[in-house]
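Here is the structure we will look at, set down as structure tokens.
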Amino acid sequence: MQLQSKTSRTASSAKLPGKRERAKMANREAILDAARLVFAELGYDATTVRDIIRRTELASGTFYNYFKSKEEIIEALAESSVKEIGRLLRELPREDMSFKDYLHGAFGAYFKFLADKHTDVFKLNRPQLDVPELRVDTPEMRAVYLEIRKDIETVLKSEGSPDIDVTYLTASAIGIARELGDCMLERISSDPSNPEAQVDQATQFATNLVLCGVRHAFD
């Protein structure tokens, strides 16, 4: 039994990243965190790689070991953000979920993600609050779109709803989330005292807007 326990511990420790690997992961995250702040401070188009390097404590050579351009950085930010959003959506309860419940849960998860992700950005002086990484077309973004489309189709079928163009509906819901999300961030930036209230307001508004649109689609 002792031998098995020792073997198990050895196998577990072998899976953990070593010191060098942890340092590489920390450097990469430091670059991405710095880039997110610089993009918010200067705007994506005006930002240079040198601006991002200055915000980190890394040497230029170290930076280029991870990314070759700001385009690669925005793609990495997009991949990270979309993976997190996908995880949050997959954690939504599915049993006996109505379409309204799904919309409320999905919009709420997305808006809370945006607010939480911008906590440090809100501390900047007059930040630019567009979210360029969420407008990059990546395989991960397309995969999440397909997941949302399938979820909407499944929920509507379970309710016995009349046929509706789910592709248009999914695109509309995502567009609403993006535009309202930008507006919500502007409001929180102007008054950061109660971001939860803004998340709730945006969630309720987006949910009602889609529900009204779906109802009128059958008029």
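The values are calculated or read from the model by the stated rules, or taken from the named source; none is laboratory data. Because the structure is a prediction, the values reported are computed rather than measured. Every residue, glycine as well, gets a Cβ built from its backbone with ideal geometry; the counts of neighbours run over all protein chains shown.
Summary table
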read-out: So Leu89, is it within 13 Å of the chain's Cα centre (by Cα) and not polar (S, T, N, Q); value: yes
read-out: Unique match (being exposed (fewer than 13 other Cβ atoms within 10 Å of the Cβ) and within 20 Å of Phe39 (Cβ to Cβ)) among Asp165, Asp137; value: Asp137
read-out: Residues of the range 150-185 satisfying the condition of being among the basic types (Lys, Arg) and under 30 Å from Gln128 (Cβ atoms); value: Arg178
read-out: Answer residue from the range 48-81, given it is among the basic types (Lys, Arg) and more than 21 Å from the chain's Cα centre (by Cα) and is surrounded by the most Cβ atoms within 10 Å (Cβ to Cβ) among those; value: Arg55
read-out: Selection count, the range 168-203, where residues are under 13 Å from Lys112 (Cβ atoms) and exposed (fewer than 14 other Cβ atoms within 10 Å of the Cβ); value: 2
read-out: Thr203 vs. criteria assigned to a helix (DSSP H, G or I), assigned by TED's automatic domain parsing to the domain that holds Asp101 and touching a Phe, Trp or Tyr at 6+ places or on another chain (Cβ under 9 Å); value: yes
read-out: Total residues in the range 139-148, condition modelled with pLDDT of 90 or more and either farther than 16 Å from Arg178 by Cβ or more than 25 Å from the chain's Cα centre (by Cα) (or both); value: 3
read-out: Among the candidates Ala143, Ala109, residue that is in contact with a helix residue (DSSP H, G or I) (Cβ under 6 Å, 6 or more places away or on another chain) and among the small types (Gly, Ala, Ser); value: Ala109
read-out: Test for Asp137: is it more than 30 Å from Glu71 (Cα to Cα) and not β-branched (Val, Ile, Thr); value: no
read-out: From the options Asp45, Asp96, Asp101, residue that is more than 14 Å from the chain's Cα centre (by Cα), in a loop (DSSP other than H, G, I, E, B) and assigned by TED's automatic domain parsing to the domain that holds Arg126; value: Asp96
read-out: Matching residues in the range 64-85 - criterion: being basic (Lys, Arg) and more than 24 Å from Ala143 (Cα to Cα); value: Lys68
read-out: Pairs with Cβ under 7 Å, 6+ apart, first in the range 21-33 and over 12 Å from Glu57 (Cα atoms), second surrounded by 11 or more Cβ atoms within 10 Å (Cβ to Cβ) and among the hydrophobic types (A, V, I, L, M, F, W, C); value: Leu32/Ile73; Leu32/Ala76; Leu32/Leu77
